[in-house]
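Asker: Dumping the structure here so I can ask a few things about it.
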Amino acid sequence: MTSPLNSARVIALVNARVVPVAGDPIERGTVLIEDGLISAVGADLSIPGGAVIIDAAGKWVLPGFIEAHGHVGIDEEANGWAGNDTNEMTDPNTAGVRAIDAINIDDEGFRDALAGGVTTIVVKPGSGNPIGGQTVAIKSWGGRTVDEQVISESVSVKSALGENPKRVYGDKKQTPSTRLGVSLIIRRAFVEARNYAEARDAAAAKNEPFTRDLGKEALARVLSGELAWDQHVHRHDDIATALRLADEFGYRLVINHGTEGHKLADVLAERDIPVIFGPLFTSRTKVELRDRAIGNLVALAAAGVRVAITTDHPVVPINFLVHQASFAVKEGLPARVALEALTVNPAAMMRLQDRVGSLTPGLDADVVVWSGDPLDINSRAELVLISGVEVYRWSDGAGRVVERSERLAVRG
C-alpha cells in the first residue's frame, strides 16, 4: 500500500517543535515541502492550497541524520564473506577503487538506518590498506540502483594509519609492516600523483595524448582540494603523523575515529581539523583503543573541535547513531552540539551542506518526525521523508519501510 504523501507535490508539517539545527528551535512551527525540497521553515506560515497537512503536535521535527563514516552496503549483514567488499587488500594503494561499485542497496542496514532517522550515509572502503579508495555520499533509501541514491561521488579518499594496515601487510611479510612503511606508501603515492598531475596538465596544454592512471587521478583530486583525505587514525602519535603528512602535501584532512584526539584537541581546534568520532559502543579490542572513552569526544568538542559521530556500521548498528549522541550528552556533551554532530557538522565536513544536514529552504526535504526529543532514549522516529517521499513510518506498534516496489509504482 502506497503512502498518500508520495503523490503530493506540497506537504506541510505543522504544530511541531521544529529543530532546524542551523537555527533556533521553533515552537508550534511548520516545515513546508514542495517538489521534494524544503521551501519554508517557521511559525505562522501560509500553506498553499492542496497541500497534504500533517499535524505533528507534540512531535519534534528535525533534518535527517548523517552517518559520516559507514560501510553499509559494502559490508553486508548476515552475508558473511560473500557480502563483504570493504577492503581490496591485494595492494597497499588502492586509490582507484570506488565504494559505489560494491554497494548492495538491499543490505538490511539501510532499513535499520531509516528506523534510526538516518537519511544520508557516506559509504567508505575499510581500513586494511594505507590508501583504501574513494567514498560516496548516498541517500539511505530511494532508488532502483545505488546510482539513483547518490548525493555526491566527489567526497573523499579513505586512508588508514596505525595497526590495521600494519597488521594486514605484516602478516603477508610485505611492505608496509610498520608505521614507517605505512607512511612511506602514502608519501610515495602523493609524490607520484603530483608528478602525474603535472605531466597530465603539460600534455593537455600541448594537446598531446596522455595515459590515464585511475589511482593517481584520485589522489590528484585530493591534492587539488576537490576530495577530502579521510584519515582512519586512533592513537595520538598517529594523529600527529596525519597532521605531518597533511602539512607536507597540503590536502584537506578529516580525522576519522580520533580515539586519542583529546590529547591533541588544542592543535586540532587551532587548525580547524574536524573529527568524525567513534564508534562509541565498542569494547577495547586492540591496543589503539586502550584509551577509548565517550568522554574523549566531550573533550574534543569543549576544545572547539568540529565533531561528528559515527557508528562505523556494522561495528555498531547504524540505527544506534542517535543513541551514541545521547550517551555523549550523558557524559557532558551539550545537546545542541550532539545534534550538530549528527547533521550540520558531517554535512560541512563532507561538503554536502548544499543538499542535506539542516532544515533550510532549498535543501533536500530529508525530514524526520520524532515522537519527542531524539536524544531521549524513549523517543522514536515516527515518519521519515527522503526528498519529500515517505520511506518509513511507525504505526500500530511497529516500524514499516515503504519498499521500492511501492515507490516505483508511484513514480510510474
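The values are calculated or read from the model by the stated rules, or taken from the named source; none is laboratory data. Remember, it's a predicted structure, so these values are computed and weren't measured experimentally. All Cβ positions, even for glycine, are placed from backbone atoms using ideal geometry, and neighbour counts span all protein chains on display. These accessible areas exclude ligands, DNA and RNA; they are computed on the full protein's heavy atoms, side chains included. Shrake-Rupley method; radii C 1.70, N 1.55, O 1.52, S 1.80 Å.
Asker: Are any residues in segment 66-98 in a helix (DSSP H, G or I) and open to solvent by 40 Å² or more (accessible area, probe 1.4 Å), and if so, which ones?
Answerer: Initially, segment 66-98 is screened for residues in a helix (DSSP H, G or I), giving 80-83.
Once the filter is applied, which keeps residues that are in a helix (DSSP H, G or I) and open to solvent by 40 Å² or more (accessible area, probe 1.4 Å), segment 66-98 yields G80, W81, A82.
Asker: Also, I was wondering about something else. Can you name the residue in segment 219-228 that is part of a helix (DSSP H, G or I) and either open to solvent by less than 20 Å² (accessible area, probe 1.4 Å) or free of Cβ contacts under 8 Å to residues at least 60 places away in the same chain (or both) and, of all such residues, is farthest from R98 (Cα to Cα)? Give the steps one after another, and end with the answer.
Answerer: Filtering segment 219-228 down to residues part of a helix (DSSP H, G or I) leaves 219-223.
Subsequent filtering for residues that are either open to solvent by less than 20 Å² (accessible area, probe 1.4 Å) or free of Cβ contacts under 8 Å to residues at least 60 places away in the same chain (or both) retains 219-220, 222-223.
On the way: L219: 13, A220: 15, V222: 14, L223: 18 Å.
My answer is L223.
Asker: Please tell me if I138 is open to solvent by less than 20 Å² (accessible area, probe 1.4 Å), modelled with pLDDT of 95 or more and not in a helix (DSSP H, G or I). Show your work before the answer.
Answerer: Details: open to solvent by less than 20 Å² (accessible area, probe 1.4 Å): yes; modelled with pLDDT of 95 or more: yes; not in a helix (DSSP H, G or I): yes.
Criteria met by I138.
Asker: Can you spot a residue in segment 99-114 that is in a loop (DSSP other than H, G, I, E, B), crowded, with 24+ Cβ neighbours inside 10 Å, small (G, A, S) and on the phi < 0 side of the Ramachandran plot?
Answerer: Of segment 99-114, the ones in a loop (DSSP other than H, G, I, E, B) are 103-107.
Now drop any that are not crowded, with 24+ Cβ neighbours inside 10 Å, which leaves 103.
From what is left, the residues that are small (G, A, S) are none.
No.
Asker: Here's something else I'd like to know. Identify, please: which residue in segment 166-191 is open to solvent by 80 Å² or more (accessible area, probe 1.4 Å) and of a type outside the set (A, V, I, L, M, F, W, C) and is, among those, farthest from the chain's Cα centre (by Cα)? If you could, list the steps in order and put the result at the bottom.
Answerer: Initial filter on segment 166-191 (open to solvent by 80 Å² or more (accessible area, probe 1.4 Å)): 167, 171-173, 180, 187-188.
Checking which are of a type outside the set (A, V, I, L, M, F, W, C) leaves us with 167, 171-173, 187-188.
Numbers: R167: 26, D171: 31, K172: 32, K173: 34, R187: 26, R188: 28 Å.
Across segment 166-191, the extreme among qualifying residues is K173.
Asker: Let me ask something else about it. If I filter segment 392-406 for residues that are of a type in the set (S, T, Y) and at pLDDT below 95, do I get at least one hit? Give the derivation first.
Answerer: Of all residues in segment 392-406, those of a type in the set (S, T, Y) come to 392, 395, 405.
Keeping just the survivors that are at pLDDT below 95 gives 395, 405.
Yes, some residue in segment 392-406 is of a type in the set (S, T, Y) and at pLDDT below 95.
Asker: Quick one: which of R355, R336, R351 is touching a Leu at 6+ places or on another chain (Cβ under 9 Å), open to solvent by 20 Å² or more (accessible area, probe 1.4 Å) and at pLDDT 95 or above? Give the steps one after another, and end with the answer.
Answerer: Working: R336 fails: touching a Leu at 6+ places or on another chain (Cβ under 9 Å); R351 fails: touching a Leu at 6+ places or on another chain (Cβ under 9 Å).
It is R355.
Asker: Output the residues belonging to segment 184-213 that are part of a helix (DSSP H, G or I) and either of a type in the set (D, E, K, R) or in contact with a Leu (Cβ under 7 Å, 6 or more places away or on another chain) (or both).
Answerer: Going residue by residue through segment 184-213, those that are part of a helix (DSSP H, G or I) are 184-205.
Of everything in segment 184-213, those that are part of a helix (DSSP H, G or I) and either of a type in the set (D, E, K, R) or in contact with a Leu (Cβ under 7 Å, 6 or more places away or on another chain) (or both) turn out to be I186, R187, R188, A189, F190, E192, A193, R194, A197, E198, R200, D201.
A quick yes/no check of all residues on (1) part of a strand (DSSP E or B); (2) open to solvent by 10 Å² or more (accessible area, probe 1.4 Å):
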position	(1), (2)
D230	yes, no
I239	no, no
R244	no, yes
E248	no, yes
K263	no, yes
